[in-house]
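For reference, the structure is listed below as structure tokens.
Here, each number is a calculation from the coordinates, and none is a lab measurement. These figures come from a predicted structure and were not determined experimentally. Here the Cβ positions follow ideal geometry from the backbone for every residue, glycine too, while neighbour counts run over all protein chains shown.
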Amino acid sequence: MSRITLKVNGATHTVDVEPSTPLLYVLRNDLSLQGPRFGCGLGQCGACAVIIAGVATRSCITPTSSVKGEVTTLEGLAQHGTLHPIQQAWIDEQVPQCGFCQNGQIMTAKAMLDRNPNPTDAQIRESMNRTLCRCMTYYRVQAAIKRAVKTMTGKEVVA
Ligand code: FES
Ligand code: FES
């Protein structure tokens, strides 16, 4: 076991785990952050996505000892009780069906928009196309991202 210190959603935590323990397990089991989901456990679906130092990262295949930089989970998006515009757009567009993949959709979208606040339609599709949804909410995900862009920048997404 190793003592590993992580900064998550602005707070510092020290956990006692095997260095190879997936970050997802630490977040869910040790820090009680249940936003990231266990889907495939193989890095293929995106349900477990968190943002590490600005990059959407699949926490199910990320050894905790390898984490460099601050971790943001879904719980870290709302500020002072106010939902992030992306979360609000998700509600306004009624995106989720079963909801299982939606952590990954939102966190992947957040990392993309932090990097590129005015994406084109094609750039949104390209950034989101490896985050899987078995309920096929892809069109609503796309609509919610466009709505969030409009809210945050005042600009429409172009094709
Ligand atoms: S649970 Fe991590 S990518 Fe599927
Ligand atoms: S909403 Fe059900 S898997 Fe995406």
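Here are the numbers for this structure:
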item: Given (1) of a type in the set (D, E, K, R); (2) touching a helix residue (DSSP H, G or I) at 6+ places or on another chain (Cβ under 9 Å); (3) farther than 19 Å from Leu77 by Cα, number of the condition Arg134 does not satisfy; result: (2)
item: In segment 1-47, the residues that are surrounded by 12 or more Cβ atoms within 10 Å (Cβ to Cβ) and β-branched (Val, Ile, Thr); result: Ile4, Val8, Val15, Val17, Thr21, Val26
item: Any helices (runs of 4 or more DSSP H) falling wholly within segment 77-159 and containing at least 2 residues that are of a type in the set (Ser, Thr, Tyr) and within 13 Å of ligand 2 (Cβ to nearest atom); result: 138-153
item: Any strands (runs of 3 or more DSSP E) falling wholly within segment 6-59 and containing at least 2 residues that are without any contact (Cβ under 8 Å) to a residue 12 or more places away in the chain; result: 11-17
item: Sole exception among (1) closer than 18 Å to Thr137 by Cβ; (2) crowded, with 16+ Cβ neighbours inside 10 Å; (3) among the charged types (D, E, K, R) for Asp92, by number; result: (2)
item: Complete set of residues in segment 95-116 that are surrounded by fewer than 16 Cβ atoms within 10 Å (Cβ to Cβ) and under 13 Å from the mean Cα position of the chain (by Cα); result: Asp114
item: Candidate set from segment 117-159 (those that are basic (Lys, Arg) and away from ligand 1 (no atom under 16 Å from the Cβ)); member that is surrounded by the fewest Cβ atoms within 10 Å (Cβ to Cβ); result: Lys155
